[in-house]
Ligand SMILES: Cc1cc2nc3c(=O)[nH]c(=O)nc-3n(C[C@H](O)[C@H](O)[C@H](O)COP(=O)(O)O)c2cc1C
Ligand SMILES: [Fe+2]
Ligand SMILES: [Fe+2]
């Protein structure tokens, strides 16, 4: 069994993960410096076997080999589709062929996705309701709906006898390495990055899901990306903090600058914030990575955006950053916006339009003509002091 790197999580529960060491981009947006893994799982009962999630297209043969190391694919009675995104459901057409008697198990909202994305015929779909159970003989699967974490059809599967939760993307991290999270240094940094990119926009839904999980006696959390949590308290506590929008006395500074004027204002702001004791994360938008920004937004109490003026508006990278803040919905409470222009201020108005209605108080916005002179520097420092006060006042 070890030849195929199958790991037994409990009697009759197997991790049959595919590691994608070389993947460098996800959703055509998010960089993956550490690759990722597509974790499928097999649960073998006395009478039936279930495959929990599949893998990204292109790895069907590898998954089949891993299944073979445990059981004959024809003995799979259920293919559990916790989530319909192709990184976990893309191998469903292949698996439904080799597991010719299997039914696909999904939520009512998953039925249409299974049909349209994967061509699964109605008669091979078993719809389960929130809280419903399915017995495999000595193993009971309980299904927990977790809508919008992060698609509408998403559910978690829980093996009652072993206390093992399969939450698909929830609690995941994009890491190809490791089997257990306690083997990975900085696991929470990776998990935070994943949360920021994928789950942060759905904090209210995440809170609801965490409430639903409370009565369960969870011993192991086995997500579909990255390592398995055999000491689940660590990741559960982190998710509780992030879902509740708990922030640190920290500011995420994002800026772009063509000729250094906006940059010198951002430097001044950073110096002031740092001297007041605020933790900083600084991203030059021309060089930085969306995943790193998302990670820092998870626990920042404030953001600062530096947006120089280009062609009658804000620099496109600053517009992009403002749009990211709008859609990722970080818990930040305060913001400062800074800009430099040559002949007509226009950037701040556009940034505010892109940000739209947010629960973020703009503590100050400043547009400076050309490079900041002494007076402008003083005003930036004052803004920095005001922002620090706001950040540090929050308990
Ligand atoms: C390609 C380009 C387009 C620009 N378009 C405008 C503009 O439409 N309106 C304006 O007031 N300034 C414009 N500027 C001038 C810059 O806003 C000005 O130089 C500003 O100080 C740049 O700040 P930075 O050094 O932080 O990039 C433009 C500059 C460049 C390089
Ligand atoms: Fe997903
Ligand atoms: Fe995923």
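Read-outs throughout are calculated quantities, based only on the coordinates presented, and are distinct from any laboratory measurement. Since the model is a prediction, treat every value here as computed from it, not as a measurement. All Cβ positions, glycine included, derive from the backbone under ideal geometry; neighbour counts span all protein chains shown.
Numbers for the structure displayed
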| read-out | value |
| --- | --- |
| Bridge type composition, the range 71-150 - antiparallel percent by DSSP, nearest 5 | 35 |
| Tensor-based shape of the range 127-177 (alpha-carbon gyration tensor, a/c under 1.5 rounded, otherwise prolate or oblate) | oblate |
| Computed over the range 2-243: relative contact order in percent, which uses C-alpha pairs under 8 Å that are six or more apart | 17 |
| Global geometry of the range 27-160, whether rounded, prolate or oblate, following the gyration tensor of its Cα atoms and the 1.5 cut on a/c | rounded |
| Neighbour-count ranking [beta-carbon atoms within 10 angstrom, fewest first] of 388, 37 | 388, 37 |
| Share antiparallel - DSSP beta bridges, the range 253-387, percent rounded to 5 | 10 |
| Ranking of 21, 195, 151 by count of other Cβ atoms within 10 Å, fewest first | 21, 151, 195 |
| Choice from 126, 214, 333 showing the highest fluctuation, given a GNM over the chain with Cα pairs closer than 10 Å | 214 |
| Relative contact order (%) - the range 253-387, alpha-carbon pairs under 8 angstrom, separation at least six | 30 |
| Pair residue 240, residue 28: separation of 7 Å Cα→Cβ label points (nm) | 4.0 |
| Overall form of the chain per C-alpha gyration tensor (a/c, 1.5; a/b vs b/c) | prolate |
| Among 19, 230, 124: highest mean-square fluctuation, GNM of the chain, C-alpha pairs under 10 Å | 124 |
| Antiparallel DSSP beta bridges within the chain, as percent of all bridges there, nearest 5 | 45 |
| Ranked list, fewest to most other Cβ atoms within 10 Å of each Cβ, for 273, 210, 51, 187 | 210, 187, 273, 51 |
